[in-house]
Amino acid sequence: MTEISDTFRIPIIKLHDKLIVSIQMALSDRLVMQLKDDITTRIERVNITGLIIDVSGIDVMDSYISRALRDMGLIARLMGVRTVISGLDPMIAMTLVEMGLDLKGVSAALNLETAIELLDRKPAKTRGKGAAA
Amino acid sequence: MSDTRQQILEILGGHMSAILARSVLSLSISWSKVDPNRLRPGDDNRLLAELEKGCRLYVRDDTLRQTCMEQMQTLLTINGHTLPPPEEPPRLTRVPVLGESDIVDARGIGRLVCNKLGFSGAMQIKVATAISELARNIVQYADKGEITITTLNGNRRGIEVVARDEGPGIADISLVMSDRYNSRTGMGIGLKGTRNLMDEFDLKSTPGKGTEIRVRKYMD
Ligand SMILES: Nc1ncnc2c1ncn2[C@@H]1O[C@H](COP(=O)(O)OP(=O)(O)O)[C@@H](O)[C@H]1O
Ligand SMILES: [Mg+2]
């Protein structure tokens, strides 16, 4: 197992009008919480319309992690930003379904590329308007 | 139990001198590294192959030699099968769960064990996810505890995970396992989800004493 230092943060990259987060490790609860905070502050600070969370490197998705991802999507939506989860391993998706979990409210894409296409295709809602719907 | 060594000697002795019989047997034992009195599956054929080499030297008549070999084969088959099949000792891994970071370790170790056992990728993930839920509950509700991961080598190969703690316990088990349970701390789906992912699920809890959850997943 890879040791991750106590201060490590998952990087959030801004690309044009999007924020991209790529999770390439086993997520500890600390990392999940930190990521949620970081995403929220970044959305607040920079002007973006879409958030992509690539989970292709995640080890498992239990109820805590999937809830946190759903929350991130919800928070982003309330701030007028659409979220796409990309790269979810089919075996992890299967496990989620068997557990009775789902990522309600967030769209999914096969990979990063299709996630970008998805966000570019559908125009995002204007920030602040009708976001709570 | 009868002495297989002695019985082989008697059969060989019917076809050659006692001294030759003894040396054929002892050489066959040392070459095959098989103890006739402690036969494991597959041993009988290795020992028989060596015995046949000896018999080829001292029992020149083909028909007689064949009879001799058949007698020994029958003997080894009968005596070999009166022993229980050898059971590999179950391998056990203990993971102390003392804090949040142990959750990642526990599920990683669980996945590794499943991988070693030859579990499919999907099954590895299911077991790891279940361990993650159980370990998190320990941290959240009992502060600390332990997860043990045991390889099952019996007639059904698989893995057993036991999560144990001496926390507050669960007062109403049927409530937290029911669909109407609404958790204030989480999604309320950790235990139910774990039950769905695994083949066996057993929850024992005594309020004020602690909780023990035992789950199993089989390979087939
Ligand atoms: N090890 C434990 N010790 C005490 N209570 C527990 C333990 N594990 C679970 N519980 C109780 O059972 C409930 C259901 O657990 P779970 O299905 O994992 O949902 P969640 O953790 O999301 O609430 C918890 O809310 C908690 O009250
Ligand atoms: Mg839980």
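A few notes on this one:
- Residue B:165 vs. criteria near ligand 1 (Cβ under 8 Å from one of its atoms) and among the charged types (D, E, K, R): yes
- Single residue of segment A:54-70 satisfying the filter (away from every other protein chain (no Cβ under 11 Å) and without any contact (Cβ under 8 Å) to a residue 40 or more places away in the chain) that is farthest from ligand 2 (Cβ to nearest atom): A:57
- So residue B:194, is it within 14 Å of chain A (Cβ to nearest Cβ), closer than 18 Å to residue B:108 by Cα and within 31 Å of the chain's Cα centre (by Cα): yes
- Scope segment B:112-122; condition more than 8 Å from chain A (Cβ to nearest Cβ) and either in a helix (DSSP H, G or I) or crowded, with 19+ Cβ neighbours inside 10 Å (or both); matching residues: B:112, B:113, B:114, B:115, B:116, B:117, B:119
- Residue match in segment A:44-63 (condition: under 22 Å from residue B:184 (Cα atoms) and surrounded by fewer than 17 Cβ atoms within 10 Å (Cβ to Cβ)): no
- Wholly enclosed helices (runs of 4 or more DSSP H) of segment A:1-110 bearing at least 2 residues in contact with a strand residue (DSSP E or B) (Cβ under 9 Å, 6 or more places away or on another chain) and farther than 17 Å from residue B:104 by Cα: A:29-45, A:63-78
- Residue check, residue B:174 near ligand 1 (Cβ under 8 Å from one of its atoms) and assigned by TED's automatic domain parsing to the domain that holds residue B:138: no
- Qualifying position, being surrounded by 14 or more Cβ atoms within 10 Å (Cβ to Cβ) and touching a Leu at 6+ places or on another chain (Cβ under 8 Å), among B:103, B:131, B:125, B:149: B:149
- With respect to the conditions (1) away from every other protein chain (no Cβ under 12 Å); (2) more than 22 Å from residue B:109 (Cα to Cα), residue B:187 falls short on a single one, namely (1).
The values are calculated or read from the model by the stated rules, or taken from the named source; none is laboratory data. Keep in mind it's a predicted model, so treat the numbers as computed, not measured. Using ideal geometry, Cβ is built from the backbone for each residue, glycine included, and neighbour counts are taken over all protein chains shown.
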